[in-house]
Structures are given as C-alpha cells and as structure tokens.
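Chemist: The structure is given below, and queries will be raised subsequently.
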Amino acid sequence: MSNYDQWASQYNSIVDNEVSQKTGIIETSYQFVLEQLYEYVDPSKIKICDLGCGQGELSFRLSKLGAAVTGIDVSDKLLELARNKSGAIKWVCDDAMKLKQIADNSFDVAISNLMLMDVPDFQSVFKSAYRVLVPEGIFVCVIMHPCFQSPFSYPLEDGSRNVSSYSAQHWKSKGSGTLRSTLGAYHQPISEYLNKLLESGFSIIHLNEPLTKGSTSSVPSLFGIVAQKFNC
Ligand SMILES: C[S@@+](CC[C@H](N)C(=O)[O-])C[C@H]1O[C@@H](n2cnc3c(N)ncnc32)[C@H](O)[C@@H]1O
C-alpha cells in the first residue's frame, strides 16, 4: 500500500476544485508543464511518461494534445481514479525511483510534476528519467518553490516573508489529519535539485518560477525546470 492511498480521495477533490476554478498551485503547475512542452516539442507526435501521475489530470491533458502518454504512480488508489479518465493512456503502477517496468530510451519527454517532495531519494527519479528518455529527450520537472512554499517560510503583515530554515530535511506540518501533517515532505534547497540533475547527466535548458494563477501574491509558489538528455 502506498502512502498516498489514504489521501487519494482528498487529493482528487483538491485537483478537481482547482481544475474547475482554473486557479491554484496544482492548476498552475499543469498549465506551466503544457506551456513548456510547446516550447520544445510537438506534443501530438511524441511519447510522454508522467512520473507520479496521481489521479491523472495532467496525463489526461497531455493525451488530449495527441501525445502517447504513460502515467506512472505507486498509489493504486490514485491510479484507480486515473483509470476513470477517458483517452488511450497507459497506467502503470511503478516506483519512479526505479521504473523497473519501463525500458531504456523509450520516451521523448518525461514529466515529474509536484512529486519530488514525496520521494526519499529524488536523484533516483532523475536517474530513472534519464534512463528512460531517448537521446535529446526532454525532462520537465516542477516542485513547490523551495524558498517560499515550505513550513519554514511564512508571510508577514507588511507583505515580506520570514524564512527560518533552508536546509535539506524531512518535515511534517503542524496539526493532524492532513496530508502533510501525516506524510510530511522532503525539503531540499534549490542548489541540491539543480546539482543532482546535472550529476544525473542532464543539461538544464530553462528555469522558471511561476506565480499562482488566481493569487495576487508576487512571490512564486513553484519552481520549474526543463532539462535535456544531451550527454549520451
Ligand atoms: C502531490 S502528488 C502529485 C500528483 C500529480 N503529479 C499531480 O500533479 O497532480 C504526488 C504523487 O507522487 C506519487 N508518488 C510518490 N512517491 C512516488 C514514487 N516513488 N513513484 C511514483 N509515484 C510516487 C504519489 O502517489 C502522488 O500521486
């Protein structure tokens, strides 16, 4: 049983709500991924794997563009919800840190949207993504912004923010009965992500810090990375 199984229904409701409102951090991340894809590939002609696909909304949108999509997740419950989506999407239960069921050089694009904070060894996800991509394949990775979307950063009345910690650590939010107070998340500084991506063989071709759709805040909620498999 995956950690996310018990949160599948709640996560699904959050996604559905953001999608219908076209606002929020998750919806912003989906739009960001789609915009980036159009910069580098023709989505109608390619094979994409969506690592940590969750309840499948992003995979679904990618497949609507004509891409051949494989959605991969460790949560059976989230995959059950994903399977209700229309479209010829292949759903696979696999660990993104290993991708045992996925052959080398089999995708033009790999995506990791809002999932690296949930894995104990994010570099293994980079290495797996590198392995399954074709030469010159594109990796689009979105994480919660490590500086501003963490339990160590909170807004002050004058609009500035107090950042009390910035080290790699596993944290749990206060309270109980919520996803992050139960599962927690792994926090890493930006340099950790970028250095490990480079060490995994990727070249970084674009960085972005999207603002949340529907929010008036000028502080970015997300950190987006586009990388390419050049060293092969
Ligand atoms: C915050 S959710 C994001 C889901 C989806 N990418 C989205 O943007 O809606 C994190 C997802 O990562 C998945 N996940 C966590 N660890 C994983 C692993 N080792 N391999 C594959 N998926 C994993 C969880 O099951 C969950 O679906």
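Chemist: What number of residues within region 100-109 satisfy the criterion of being within 19 Å of the chain's Cα centre (by Cα) and away from the ligand (no atom under 12 Å from the Cβ)?
Modeler: Final tally of qualifying residues: 3.
Chemist: Can you tell me which residues in region 80-94 are in contact with a helix residue (DSSP H, G or I) (Cβ under 8 Å, 6 or more places away or on another chain) and part of a loop (DSSP other than H, G, I, E, B)?
Modeler: 85, 86, 87, 88, 89
Chemist: State all residues of region 7-20 that are within 17 Å of residue 73 (Cα to Cα) and either of a type in the set (Val, Ile, Thr) or exposed (fewer than 15 other Cβ atoms within 10 Å of the Cβ) (or both); if no residue qualifies, say none.
Modeler: Correct list: 9, 10, 15.
Chemist: Which of (1) outside any strand (DSSP E or B); (2) modelled with pLDDT of 95 or more; (3) of a type outside the set (Gly, Ala, Ser) does residue 141 not meet, given it meets every other one?
Modeler: It fails just one condition, (1).
Chemist: Does residue 27 satisfy the criteria of being farther than 23 Å from residue 108 by Cα and more than 8 Å from the ligand (Cβ to nearest atom)?
Modeler: Yes; evaluated as a whole, the condition is true for this residue.
Chemist: Could I ask something else about it? Which one of the conditions (1) away from the ligand (no atom under 11 Å from the Cβ); (2) within 18 Å of residue 141 (Cβ to Cβ); (3) in contact with a helix residue (DSSP H, G or I) (Cβ under 7 Å, 6 or more places away or on another chain); (4) not aliphatic (A, V, I, L, M) does residue 50 fail to meet, given that it meets all the rest?
Modeler: (1)
Chemist: Filter region 3-23 down to the residues that are in contact with an Asp or Glu (Cβ under 7 Å, 6 or more places away or on another chain) and within 17 Å of residue 115 (Cβ to Cβ), then identify the one that is nearest to the ligand (Cβ to nearest atom).
Modeler: 15
Chemist: Among (1) surrounded by fewer than 20 Cβ atoms within 10 Å (Cβ to Cβ); (2) over 15 Å from the mean Cα position of the chain (by Cα), where does residue 97 come up short?
Modeler: (2)
Chemist: If we scan region 140-149, do we find a residue that is touching a Ser or Thr at 6+ places or on another chain (Cβ under 9 Å) and free of Cβ contacts under 8 Å to residues at least 40 places away in the same chain?
Modeler: Checked region 140-149: no residue is touching a Ser or Thr at 6+ places or on another chain (Cβ under 9 Å) and free of Cβ contacts under 8 Å to residues at least 40 places away in the same chain.
Chemist: While we're here: Can you pull out the residues in region 115-127 that are in contact (Cβ under 8 Å) with a residue 40 or more places away in the chain and within 9 Å of the ligand (Cβ to nearest atom)?
Modeler: 115, 116, 117, 118, 119, 120, 125
Chemist: Which condition number in (1) over 15 Å from the mean Cα position of the chain (by Cα); (2) surrounded by fewer than 19 Cβ atoms within 10 Å (Cβ to Cβ) is the one that residue 79 fails?
Modeler: (2)
The values are calculated or read from the model by the stated rules, or taken from the named source; none is laboratory data. Model, not experiment: these values are computed from the prediction. Cβ coordinates were reconstructed from backbone atoms using ideal geometry, including for glycine residues, and neighbour counts include every protein chain displayed.
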